[in-house]
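Shown next, in structure tokens, is the structure this report addresses.
The values are calculated or read from the model by the stated rules, or taken from the named source; none is laboratory data. Bear in mind that the values here come from a model prediction, so they are computed numbers and not experimental data. Ideal geometry is used to build each Cβ from the backbone, glycine not excepted, and the neighbour counts take in all protein chains shown. All accessible areas refer to the heavy atoms of the entire protein, side chains included, with ligands and DNA or RNA removed. Shrake-Rupley method; radii C 1.70, N 1.55, O 1.52, S 1.80 Å.
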Amino acid sequence: MQPTFPPLLQGQPARAGEDPFERAKAMAALGCDGGTILHAIQADRLRVAVVLAPELSLRDAMAMLPLCAVGFQNALGALAPPEVAVHLTWDGEIRVNGARCGYLRAAASVNDPDAVPDWLVIGWEVALMQVGQAPGETPDVTALHEEGCADLSPVSLVESWSRHMLSWLHRWEEEGNAPLHAEWMGLVQGVGEDVSQGGISGTFLGTDDRFGMLIRTNETTHLVPMTTLLEESR
């Protein structure tokens, strides 16, 4: 059974053994339509990537990373049992009941924050079950099955994420960063704690209005832009 997607989005499964994120980047470079979703549903993990075609600078377009993350949190929060807590980290980790369960990633056709990219790909991966490990063996790493989500359908999760993501995208287009920023900051862990990011160590104060990380050191407050999370596009 393959996921079905709302209008404006079109999905296709990745080929056997293929990484949807890498496939999405290749398709984007060849000029595929924005809104194309690649997905791979395996026994132990679920991987998804979406191709976007921003019409604004990369610096502003990076709002799509927290937007897709919030969409995932909303989707899993709606499908999982109520006792399952889903949070995020600034650099893209997905945490379920406090343990790392997945992550988000991003790549674009350019790395200049002021340039308008031809394409932007956001991918996410979540562990469905832990293979070769006994439950509790790695307390800082988990999977959905171990956290009470054994009955959760991966197809339903992909479909729910696409709807939540699209809903947030429409709201972002109408209202800008502010509502998304408020929702995201309510889910991001680590504010007020010591962090090391972008070669800077200090206290995580929160983020600016473009989702950049603010780190306070003894001397000053530093800004680590979200564009620093971009992966190299080969």
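Among the conditions (1) in contact (Cβ under 8 Å) with a residue 24 or more places away in the chain; (2) surrounded by fewer than 20 Cβ atoms within 10 Å (Cβ to Cβ); (3) farther than 13 Å from Gly123 by Cα; (4) out of contact with any Gly (no Cβ under 8 Å at 6 or more places or on another chain), Leu88 misses just one, which is (2).
Go through Ala108, Ala178, Ala143, Ala127 for me and flag whichever is surrounded by fewer than 20 Cβ atoms within 10 Å (Cβ to Cβ) and not aromatic (Phe, Trp, Tyr).
Ala178
Which of the residues belonging to the stretch 192-227 are open to solvent by less than 60 Å² (accessible area, probe 1.4 Å), under 18 Å from Ser57 (Cβ atoms) and either among the hydroxyl-bearing types (Ser, Thr, Tyr) or part of a loop (DSSP other than H, G, I, E, B) (or both)? Result: Thr207, Asp208, Phe211, Gly212, Pro225, Thr227.
Identify all residues within the stretch 214-233 that are free of Cβ contacts under 8 Å to residues at least 60 places away in the same chain and under 17 Å from Asn111 (Cα atoms); write none if there are none.
Filtering the stretch 214-233 for residues free of Cβ contacts under 8 Å to residues at least 60 places away in the same chain gives 214-224, 228.
The answer is Val224, Thr228.
Just so you know, in the stretch 16-33 the residues that are more than 17 Å from Trp124 (Cα to Cα) and in a loop (DSSP other than H, G, I, E, B) include one that is least open to solvent (accessible area, probe 1.4 Å), and it is Cys32. Applying a threshold of 6 Å to beta carbon distances and a minimum spacing of six or more residues, or different chains, the list of pairs starting in the stretch 196-213 at a residue that is over 13 Å from Thr228 (Cβ atoms) and ending at one that is open to solvent by 60 Å² or more (accessible area, probe 1.4 Å) and part of a loop (DSSP other than H, G, I, E, B) reads Phe204/Val191; Phe204/Glu193; Gly206/Val191.
In the set (1) under 17 Å from the mean Cα position of the chain (by Cα); (2) open to solvent by less than 10 Å² (accessible area, probe 1.4 Å); (3) farther than 22 Å from Gln2 by Cα, the condition left unmet by Pro54 is number (2).
Filter the stretch 14-32 down to the residues that are under 20 Å from the mean Cα position of the chain (by Cα) and at pLDDT below 95, then identify the one that is farthest from Ser156 (Cα to Cα). Walk me through it before giving the result.
As a first pass, look at the stretch 14-32 and keep what is under 20 Å from the mean Cα position of the chain (by Cα): 14, 18-28.
Those left that are additionally at pLDDT below 95: 14, 18.
Numbers: Ala14: 17, Glu18: 21 Å.
Per the stated criteria, the residue is Glu18.
Scoring Pro154 on the criteria (1) more than 30 Å from Ala14 (Cβ to Cβ); (2) of a type outside the set (A, V, I, L, M, F, W, C); (3) surrounded by 15 or more Cβ atoms within 10 Å (Cβ to Cβ); (4) at pLDDT 95 or above leaves a single failure, condition (1).
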